[in-house]
Amino acid sequence: MSDPTEAVVQGSAEMAAGTAPPTGRGHVTRHPSPKEYLRIALILAVITAFEVAIYYLDLPHNILIPALFFFSVIKFALVVLWFMHLKFDSRTYARFFVMGLAGAVTLFLVVLMIFGVFRG
Amino acid sequence: MASHSIDTPTYESEHVGTSTGLPNLKLAMWVFLGSDCLLFGALISSYVLYRGASVKGPYPADVFDIPYTSVSSFVLLASSLTMVLALAVIQRGDVGRCRIWLLATALLGMTFIGGQVYEFTTFYHEGLALSTNLFGTTFYVLTGFHGTHVAIGIVMLLTLLSLTFMGKITQENSETVELVGLYWHFVDIVWIVIFTVVYLIPSASGPR
């Protein structure tokens, strides 16, 4: 994967050469192509179809539930990293989002532990 | 997917005048989305906490139609694709195509909302109201909040679409499309969690 710094340097070079978009406050950066987005979307669709398919299998809950969680985490990550561009953007955005997400997960676990949900 | 995934130069604005070197609005949107995670975390926690605690039906297995809801999920996933394509094309300066993808996203969002309304109506006719039991309360509040987020997203998309016709959305201010896109994708990832936790993960048919 190209170094984002290289992309910015290239962008600056393009601006100097007059091939970048003519603006005073912008720079050229790199993002996935539409084909890449389509590929991600197909992966998401396949995973969703798979999730629904395993729902109908008579799997024990101690296999089904972790499997469903695993697939939903994969889908979550794909959308956040590619569609929301977190993979290609500043880490500052990720820090703020992950803080909220970590808070939500912590809240989820603490509330459920307090009320003994995991004791079954 | 390899290193060649980043293969197309596009334009992205950057406000160099900020103390962070990052666009303030985009940073604010990410902070907002982080806070919205907490809201949905609380609602999902409430649903899971009271799962199986209803003393009378209808219960989830009595009302859920997984194939129907799966189609809704596919619709919302497709809308995420169209949204990111709208951003991709406006960052390349193609306003015309951006309008098409924005309209597609809004239509898919409306389809999802329509599906939710139909689903809620069906559940209601099957005897599941907001105050019927704990399942009804937590389910409707959680999915209702999500549906409201989707509805607000649709309003934002249609507003954005109008702005493109007024010539106010260009390659230089494509950040506006990006901000709406971030919100829309967040709505999608919340549904990914809701679909799994509420619909797919089996719950007891009756009281624990």
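Only the coordinates and a few stated rules stand behind these numbers; no lab work does. All of these numbers come straight from a predicted model, not from anything done at the bench. Cβ sites come from the backbone with ideal geometry, for glycine too, and all protein chains shown count toward neighbours.
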Checklist entry - Using θ = phi - 60° and the Karplus form 6.51 cos²θ - 1.76 cosθ + 1.60, what ³J(HN,Hα) does each residue of segment A:98-110 get, whole Hz, x for Gly and Pro? => result 5, 4, x, 5, 4, x, 5, 5, 4, 4, 4, 5, 5
Checklist entry - Peptides B:86-99, B:141-154: what's the order by average Cβ count within 10 Å, highest mean first? => result B:86-99, B:141-154
Checklist entry - So, in nm, how far is label A:VAL46 from label B:ARG97 when the simple model puts each one 7 Å beyond its Cα toward the Cβ? => result 2.5
Checklist entry - Helix-derived [θ] at 222 nm for chain B: sum -39500 (n - 2.57) over DSSP H runs of at least 4, divide by residue count, nearest 500? => result -23500 deg cm²/dmol
Checklist entry - Counting only residues 5 or more places away or on other chains, whose amide H sits under 5 Å from the amide H of A:HIS31 once H atoms are built in the peptide plane? => result B:ASP7, B:THR8, B:THR10
Item to check | Spread of Cα-to-Cα distances over 5 Å intervals beginning at zero, given as percent, for segment B:89-173 | outcome: 3, 14, 19, 17, 12, 10, 9, 7, 6, 4, 1
Next on the checklist: Can you give me the C-alpha center-to-center distance between segment B:72-138 and segment A:59-97, rounded to a whole angstrom?
Outcome noted: 20
Checklist outcome for this item: Quick shape check on chain B: root eigenvalues a ≥ b ≥ c of the Cα gyration tensor, a/c under 1.5 is rounded, otherwise prolate if a/b tops b/c, else oblate, and it reads prolate
Checklist outcome for this item: In whole Å, largest first, the alpha carbons of segment A:33-89 cover along the principal axes 40, 19, 9
Checklist outcome for this item: If unit charges are put on Cβ atoms (+1 for Lys and Arg, -1 for Asp and Glu) and the dipole of segment A:33-89 is taken about its Cα centre, the option from A:VAL73, A:PRO34, A:HIS61 lying farthest towards the positive end turns out to be A:PRO34
Checklist entry - So between B:LEU107 and B:SER162, what do we pick up on full extension, going 0.36 nm a residue minus the alpha carbon distance? => result 18.3 nm
Checklist outcome for this item: Here, GluC sites (Glu not before Pro) of segment B:89-196 satisfying both criteria (DSSP loop; at most 14 other Cβ within 10 Å) are B:GLU126
Item to check | Solvent-free Debye scattering, log10 I(q)/I(0), computed from the Cα coordinates of segment A:55-120 at q = 0.24, 0.26 Å⁻¹ | outcome: -1.06, -1.11
Checklist entry - Each residue of segment A:60-65 in order: what ³J(HN,Hα) in whole Hz does its phi give by Karplus 6.51 cos²θ - 1.76 cosθ + 1.60, θ = phi - 60°, with x for Gly and Pro? => result x, 4, 6, 9, 5, 5
Checklist outcome for this item: Computed over segment B:61-173, the relative contact order (Cα-Cα under 8 Å, seq sep at least six) in percent reads 32
Item to check | Diffusion constant of segment B:14-130 at 4 °C, which comes from Stokes-Einstein with the Kirkwood Cα-pair radius and 1.567 mPa s, µm²/s | outcome: 73
Item to check | Charge context of B:THR132, other residues only, Cβ under 13 angstrom, K/R +1, D/E -1 | outcome: -1
Item to check | Label-point separation in nm, A:ALA102 to B:ASP62, each point 7 Å along Cα→Cβ | outcome: 4.3
Checklist outcome for this item: For B:ILE152 and B:GLU172, extending 7 Å from Cα along the Cα-Cβ vector and measuring point to point gives, in nm, a value of 3.1
